[in-house]
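Asks: I have a structure here, written as structure tokens, and I will follow up with some questions on it.
Values in this text are rule-based calculations from the coordinates and carry no lab data. Small disclaimer: the values here were computed from a predicted structure and weren't measured. All Cβ positions, glycine included, derive from the backbone under ideal geometry; neighbour counts span all protein chains shown.
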Amino acid sequence: MSMVNFDRFLFAFTIASHIILVAMSISLILLITVLEYFNLRKKDDAQTDLIRRLKKVFIISFGVGTASGIVVAVELINLFPGFMTVVSETGIIGAFYLEIFAFFLETIALVLYVYFEGVFKSRYAKFTLASITAFGTLLSGVLITMVNAWMNTPNGFYFDTSNGLYSSTAKIIVTNVWAPLATVSTFSEIAHVLVTTVFAGTMLMGSYFAYRYIKSRDNKERGLFGSVLRKISGISIIGIVLAGITGSNEMATLLKYQPLKYAAMDLNPVSGSGFSERLFGYISNGRLVGAIQIPGLQAFLAKIETGMTQLPGLSSYPPSIWPPLWIHDTFDIMVSGGLLLGLFLFILFLFFVLRKDYVKNRVMLYFQIIMGFLAFLVYEDGWVTDEVGRQPWIIYNEMTVSQAANYSTSLLIPGYLIIAFYIIIIPVTFYFFARIFNSTGNAGQPVSPNPRGVQH
């Protein structure tokens, strides 16, 4: 493996691990905020106890996620120094500074919310602090997504080279310091990333609560877990609808501004019109082989989403800048998984419409467990498709990964240690999630008075 590919693999592995923690943190604090809102309407001791238990889990998620975020930041600097040089000289550096502000906001609000419960006794104060913490957490995700959107559709600068591409002697000319914070893909990417992140984390929590509901023999505890599951299912139904809408918008953005990536994801050998939707298959000697085709569907969707009838093909671009064509398969897996999730949640929606309680249906609970894990696999698969689809560029059509990478072999040992760290820390973190949640009280029992708000 070359050092460039090692840099790619190490950062990909780190990000794939980190976003598990990110999705859980965002989903946890949003669920906690929702529960605090319901407590405003009607104070419930059992629900208050559940909130306190989830807050302890969120603290672990926040702590481990913060440490993991530092690893990601250090890797960006060490693995891709050329990229960080460009970042430091363009307006996108502002997103990194704003992310620090978001982190401070989240941290301060979280400390007040968790450790000064005795001072902020009002339910409105608790809901407000939970909301501010959630806002800071979401804002961090928004700002990091801004950076990724800029990498996909860069603006606000150019290189003073004859072809406009990066070279080791290129001078960076900044044309608009604010432009990188709002590229042509920024808002569509933020919308899709936030929706799918919340959806994946919420569905995974649904798996846990469905499992606990099945295993519990305490009627009060089952009642509380059932109540949480109904809220989670409602959030998930809304989430899958928004994921479909924002995902469609993302594909429209790709078609307009990253046509090569679009052609690779849809496996279009040549440009043209009236294309079918291709499921799996591969390209051999410039021809499509072995694909399942749905006549006219790709062209129909593209016309609805963008009004375009002429679609891009791989042959319009030199093979040296094609992304790996297996992203077509990961894209198909993502869409197929999303359709399965949509079918499951449509059935849940029918339960609501027919006024039937799906929580009392054991088969649906088992499917809830399976679908929670599927949602997270689809989420990870989507990230792989997006990031690999930008290859060989780290800044699309401006700078390649090879130009940005660090070629020092001294990164090998620390890199392997980081991989080992994540292999251990992710399952251990989830183990402690469960241990802490299960050991801080009985969710179905009233909370013991604790007027000073001390956490034991």
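Asks: Once you have a ≥ b ≥ c as the square roots of the Cα gyration tensor eigenvalues for the stretch 320-451, tell me rounded if a/c is under 1.5, and otherwise prolate or oblate according to whether a/b is larger than b/c.
Replies: Oblate.
Asks: Compute the distribution of all C-alpha to C-alpha distances in the stretch 24-124, in bins of 5 Å from 0, and list the percent of pairs in each, rounded to whole numbers.
Replies: In whole percents, the pair-distance histogram is 2, 10, 17, 20, 14, 11, 9, 7, 5, 4, 1, 0.
Asks: In whole Å, what is the distance between the alpha-carbon centres of the stretch 126-193 and the stretch 39-73?
Replies: So the separation of the two Cα centres works out to 28 Å.
Asks: Follow-up question, since we're still on this one. Assuming a viscosity of 1.002 mPa s and a temperature of 20 °C, what translational diffusion coefficient in µm² per second does Stokes-Einstein assign to the stretch 381-430, Rh being the Kirkwood radius over Cα pairs?
Replies: 161
Asks: Using the alpha-carbon atoms, what tilt in degrees (0 to 90, nearest 10) does helix 412-439 show relative to the longest principal axis of the chain?
Replies: The answer is roughly 30 degrees.
Asks: Could you give me D for the chain, from Stokes-Einstein at 37 °C and 0.692 mPa s, where the hydrodynamic radius is the Kirkwood radius over C-alpha pairs? Units µm² s⁻¹, please.
Replies: 138
Asks: Gap in Å between the Cα centre of the stretch 398-436 and the Cα centre of the stretch 279-311?
Replies: Using only Cα atoms to place each centre, the spacing works out to 36 Å.
Asks: FRET efficiency for residue 93 and residue 435, Cβ-Cβ distance as r, R0 = 41 Å, nearest 0.05?
Replies: 0.50
Asks: Which value in deg cm²/dmol, rounded to the nearest 500, describes the helix-derived mean residue ellipticity at 222 nm for the chain, given -39,500 (n - 2.57) per DSSP H run of n ≥ 4 and division by the residue count?
Replies: -24000 deg cm²/dmol
Asks: Sort the stretch 250-338 into rounded, prolate or oblate with this rule: let a ≥ b ≥ c be the square roots of the eigenvalues of the Cα gyration tensor; rounded if a/c is under 1.5, and if a/c is not under 1.5, prolate when a/b is larger than b/c, oblate otherwise.
Replies: Taking the square roots of the gyration eigenvalues as a ≥ b ≥ c, the stretch 250-338 is rounded.
Asks: Excluding residues fewer than 8 places away in the same chain, name every one of the lysines whose C-alpha is closer than 29 Å to that of residue 43.
Replies: 55, 56, 121, 126, 215, 220, 231, 356, 360
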